[in-house]
Amino acid sequence: MKKVHYLYLSLLGLFLPNIVLAHQATQVNGFISGLSHPVLGFDHLLAMISVGILSAQIGGRAIWTVPATFVVVMLIGGILGMQGVPFISVELGIAASVLALGVALAAAKKMPQGLAMVFVGFFALFHGHAHGTEMPQLAQAELYALGFVLGTAGIHIAGVLVGGSSRFVPHGVQLLRYIGAGIAGIGFYLVAV
């Protein structure tokens, strides 16, 4: 009977080496952990895709300046979080970003580019701080930061594609407003709990 268990364990180690390594990659270099944090955090995901959609709604140079502002300011917030600089109500700031970005999408008003950059930059500090404070202890800070920057940029690009494709879908602008209202509703729930 014991030989059968050893055989199963050996086969698991052979065919599923990641189980044997016990997340060594995420704990040692942190890149995968950083990459997955904005993607797997539902509140982060909603806010970041909203930034991409908002930039597409504004159009022009805002398509890249608004998401780039978010990424740069988020990185600053991440560094502050890694350094242990305290922020007040980080989770509330993140929840409020989901609510505010959802409302902005639902309103479907063309926000001036500069205002949009300040708007998303403010909330990016909270998202970045959360990323920084939640860095695994054994992670290399540079690789972890690179991971959450690339993860965020990828989500922004997805949001830009969703926002830009609304022109080619019947009632696409209205659909984006409904999506924004749904995101705002989730944000309201996150703020309330």
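Structure notes:
- Neighbour counting of Cβ atoms within 10 Å sorts the residues H156, H171, H127, fewest neighbours leading, into H171, H156, H127.
- Equivalent ellipsoid, the range 73-134 (semi-axes from 5 times Cα gyration tensor eigenvalues, Å): 24, 12, 7
- Annotation: extensible slack from L40 through I79 equals 12.0 nm (criterion: 0.36 nm per residue apart, minus Cα-Cα distance).
- Cβ-Cβ distance of V173 and E134, R₀ of 41 Å, FRET efficiency by 1/(1 + (r/R0)^6): the value works out to about 0.70.
- Per residue, the convex hull around the alpha carbon atoms of the range 28-192 comes to 93 Å³.
- Positive-end residue of F123, F42, A106, charge dipole of the range 28-192 with Cβ unit charges: A106
- Within the range 31-56: backbone nitrogen closer than 16 Å to the A108 label point (7 Å, Cα to C-beta): 53-56
Any read-out appearing in this document is the output of simple, stated calculations on the displayed coordinates, not a laboratory observation. Values in this document were obtained by computation on a predicted structure and should not be read as measured data. Neighbour counts are summed over all protein chains in view; Cβ atoms, including those assigned to glycine, are modelled from backbone coordinates with ideal geometry.
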